[in-house]
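Please read the structure below before turning to the comments.
The values are calculated or read from the model by the stated rules, or taken from the named source; none is laboratory data. Just so we're clear, the structure is a prediction, and the values are computed from it rather than from any experiment. Quick reminder, even Gly has a Cβ in these numbers, built from the backbone with ideal geometry, and neighbours come from all protein chains shown.
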């Protein structure tokens, strides 16, 4: 890559970021609607970023087309500008891999999208036009359409036009004016971006199938858990009621996500009501899950009957986390993403990340304290469960930190979204990780006839007595387990007395 192409790429990157961060651009949907959007001055051009989406090319056997269609696109110029003959408005469509073919520089320094007088003298372009070099794969791309003002009219329209897409890629749409007299230009109208299978953007399309599989996974877990839940209803603990609520919310959330994407694919616009519902259910599910893990780590129902004075603090933390998560998710999924600048998004992400970090610290601190208490009480079965639980939590945290690092690397090394076909995995990972941890919790605290082995005991420090009494209800297999635990004790007389009592019960 020569220096001119490098400068062109850098300038385009600057123009793209400026458009995304500082212009009130378009709705994050396959139907982009513009309401008197102003142009921003970028370098020697006035530019409006009108969308960036992944589009699949239609297969040879498909009867459906991929396209970008313009409808009711209208431009207005200021009253002072209509006194002069203005240059054209350029509509640029290009694939991300062709970004270096837009723009150039003269004499090793001046960056430009529009052809300057110096570049025109060099014979590479016409002054006032877009600097364009043909793509290596298709000489017709990047595609440039021109719109002219007639006479002294204040408004002009772009005829309804449909641009067919025959190559899979990440496509960008820009409206550019090179004439300084058009600096106050505004635009209204609509563009429609269509894939062969619907309006769902290419980088989102795999998520529709993903949520089908997640719905089935939650459904299988719900059926298995519910059968045990009903079978041992009389022995169900408060902790297991909370687990049931998390499973139900998770299943409901996956179903809503699927229908949200189906509706998006059919209509081209994200339904605000459904999207708001699904992110709210998700925020509730995440909040309850975290409070459940925190409560279990603090020994609720195991070493203490209640959280005592900590209840209000836990609830306050849960409410704060719900509000932070809800605000972030609504901003990201409901309405317009590009309306929020990078700094504003950072302000919304930071509270959520801080609360997660605080929760992790509190969870592991409480878990360490609970393990120490169980060791002191010599509650071997409960201790074994909590050790498995702590190992699962540690693995989850390590996986989360590693994935965050990968996500940062992925986004930092792909500023133009050229790896969009694998971008859906970033979103899917967190749902898979949450489901895996939930499965571990369900396995460790599954409803059973011996559920009381998790429960808080008022007998005193010797909680193995309580465990042995509950485990004998399971039959001879459980009795042998109790005997093995008793044989490990130093008090032989107590061992014989306990075994004789078990024989009576049998």
(message) Of everything in the stretch 140-168, what is over 15 Å from residue 86 (Cβ atoms) and in a loop (DSSP other than H, G, I, E, B)? Give them in sequence order.
(response) 140, 141, 142, 159, 160, 165, 166, 167, 168
(request) Collect the residues in the stretch 410-458 that are in contact with a helix residue (DSSP H, G or I) (Cβ under 6 Å, 6 or more places away or on another chain), at pLDDT below 85 and over 30 Å from residue 96 (Cα atoms), keeping them in residue-number order. (result) 449, 450, 451, 452, 453, 457
(request) Please tell me if residue 245 is within 21 Å of residue 322 (Cβ to Cβ), in a helix (DSSP H, G or I), touching a helix residue (DSSP H, G or I) at 6+ places or on another chain (Cβ under 7 Å) and at pLDDT 90 or above. (result) yes
(message) I'm trying to understand the selection: among the residues of the stretch 372-409, which are touching a helix residue (DSSP H, G or I) at 6+ places or on another chain (Cβ under 7 Å) and at pLDDT below 90?
(response) 374, 375, 378, 379, 380, 381, 382, 383, 385, 386, 407
(message) Take the residues in the stretch 193-211 that are crowded, with 16+ Cβ neighbours inside 10 Å and assigned to a helix (DSSP H, G or I); name whichever of them is modelled with the lowest pLDDT.
(response) 205
(request) Please work out if residue 313 is assigned by TED's automatic domain parsing to the domain that holds residue 445 and farther than 28 Å from residue 208 by Cα. (result) yes
(message) Looking only at the stretch 150-181, filter to residues that are more than 25 Å from the chain's Cα centre (by Cα) and crowded, with 21+ Cβ neighbours inside 10 Å; which one of those is nearest to residue 422 (Cα to Cα)?
(response) 165
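Every residue, every condition in (1) touching a residue at least 24 places away in the same chain (Cβ under 8 Å); (2) within 30 Å of residue 115 (Cβ to Cβ), yes or no:
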{"position": "185", "(1), (2)": "yes, yes"}
{"position": "188", "(1), (2)": "yes, yes"}
{"position": "194", "(1), (2)": "yes, no"}
{"position": "200", "(1), (2)": "yes, no"}
{"position": "209", "(1), (2)": "no, no"}
{"position": "216", "(1), (2)": "no, no"}
{"position": "221", "(1), (2)": "yes, no"}
{"position": "230", "(1), (2)": "no, no"}
(request) Pick out the one residue from 335, 282, 299 that is at pLDDT 90 or above, surrounded by 15 or more Cβ atoms within 10 Å (Cβ to Cβ) and assigned by TED's automatic domain parsing to the domain that holds residue 211. (result) 282
(request) Look at residue 128 and say whether it is assigned to a strand (DSSP E or B), surrounded by 14 or more Cβ atoms within 10 Å (Cβ to Cβ), in the same structural domain as residue 42 (by TED's automatic domain parsing) and over 24 Å from the mean Cα position of the chain (by Cα). (result) no
(request) Taking residue 65 as meeting all but one of (1) touching a strand residue (DSSP E or B) at 6+ places or on another chain (Cβ under 8 Å); (2) more than 23 Å from residue 153 (Cα to Cα); (3) at pLDDT 80 or above; (4) crowded, with 21+ Cβ neighbours inside 10 Å, write down the number of the exception. (result) (4)
(message) When you check residue 270 against the structure, is it assigned to a loop (DSSP other than H, G, I, E, B), assigned by TED's automatic domain parsing to the domain that holds residue 383, crowded, with 19+ Cβ neighbours inside 10 Å and modelled with pLDDT under 95, yes or no?
(response) yes
(message) Need the failing condition index for residue 233 against (1) surrounded by fewer than 16 Cβ atoms within 10 Å (Cβ to Cβ); (2) modelled with pLDDT of 90 or more, just the number.
(response) (2)
(message) Among the residues of the stretch 225-236, are any in contact with a helix residue (DSSP H, G or I) (Cβ under 9 Å, 6 or more places away or on another chain) and in a loop (DSSP other than H, G, I, E, B)?
(response) yes
(message) If I ask for residues that are part of a helix (DSSP H, G or I) and either touching a strand residue (DSSP E or B) at 6+ places or on another chain (Cβ under 7 Å) or closer than 23 Å to residue 171 by Cα (or both), which ones from the stretch 409-432 would you list?
(response) 409, 410, 411, 412, 420, 421, 422, 424, 425, 426, 427
